[in-house]
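What follows is calculated from the coordinates using simple rules that are stated; it is not laboratory data. Remember, predicted model here, so these are calculated numbers, not experimental data. When we count neighbours, we look across all protein chains shown, and the Cβ atoms used for this are built from the backbone with ideal geometry, even at glycine.
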Amino acid sequence: MKLFGKSEERWVTALRRYRSSKGIKRIKVSDCVCQAKIFDHVRIRDKILFEIERDVCSETSGGDEPYNVSDRVSKLDWTKADDFNRPWVKIFLPHFKKTMNSFLAEMGYALYDLDQMWYQQYLEGDTHGWHTHGGSYTGVYYLEFPAGSSKTQLYSPFDFKKHTIKAKEGDIIFFPTHFIHRGPPNTSEKKTIVSFNFKIDFADRAVSGVKPIQERVDGYILE
Ligand SMILES: [Fe+2]
């Protein structure tokens, strides 16, 4: 089955038709997108943007997608996503960890393993087409998000209903990586987001009691 036709409506229609004809029953189990404010966003915003601005990264994305989906992001550092010593990451990480720990406590997990973190800078008209990620969870930190910036959209895997995230600058969202999502064409002059992938572990909390939350970045456990 070709999932991505010429238009989004066509592939969603195809998915809905396919699922109702192949005898696979869906059992609804609620899932969620988590939304929070990043700890002390106002204090780190300009410092991170300054480092991103002077990052000589010449990477762009687009044109090599296997699907018939337009994709263009003007500046990003995806190929360095597992290097946690980049200047902007070093500023962001302590704040990210504080917010992450609230997320983990909220969801009942014991441990996370941060695999990748990268920025994406969208100029007017830039877009990141429909896609999924690896790992357990992904997310978006809206670092520079002026009025008119395009908002993250995702499809619920249960019924393929489309959701648009009502985010404000300084917000961060977390959602399972299998959710099909996109950054629609940007309508502001510039928006800058931080994306990340991480795995979570329940670590047998139900049996062994509440364990302290552990963070692992690039395989190392952080105290
Ligand atoms: Fe994504």
Could you tell me whether Thr132 is in contact with a strand residue (DSSP E or B) (Cβ under 9 Å, 6 or more places away or on another chain), among the hydroxyl-bearing types (Ser, Thr, Tyr) and surrounded by fewer than 15 Cβ atoms within 10 Å (Cβ to Cβ)?
-> yes
Pairs, please: C-beta under 8 Å, at least 6 apart or cross-chain, first residue more than 17 Å from Ser149 (Cα to Cα) and in region 122-133, second of a type in the set (D, E, K, R) and surrounded by fewer than 20 Cβ atoms within 10 Å (Cβ to Cβ)?
-> Trp130/Glu8; Trp130/Arg182; His131/Arg182
Per the list (1) within 16 Å of the ligand (Cβ to nearest atom); (2) surrounded by 18 or more Cβ atoms within 10 Å (Cβ to Cβ); (3) assigned to a loop (DSSP other than H, G, I, E, B), residue check on Pro185 breaks on (2)
Residue in region 105-136 that is nearest to the ligand (Cβ to nearest atom), counting only those that are assigned to a strand (DSSP E or B) and more than 22 Å from Asp71 (Cα to Cα) = Asp115
For residues in region 142-182 being more than 12 Å from the ligand (Cβ to nearest atom) and hydroxyl-bearing (Ser, Thr, Tyr), which is surrounded by the fewest Cβ atoms within 10 Å (Cβ to Cβ)?
-> Thr164
Residues of region 188-201 that turn out to be within 20 Å of Gln116 (Cβ to Cβ) and either free of Cβ contacts under 8 Å to residues at least 24 places away in the same chain or surrounded by fewer than 17 Cβ atoms within 10 Å (Cβ to Cβ) (or both), as a count = 2
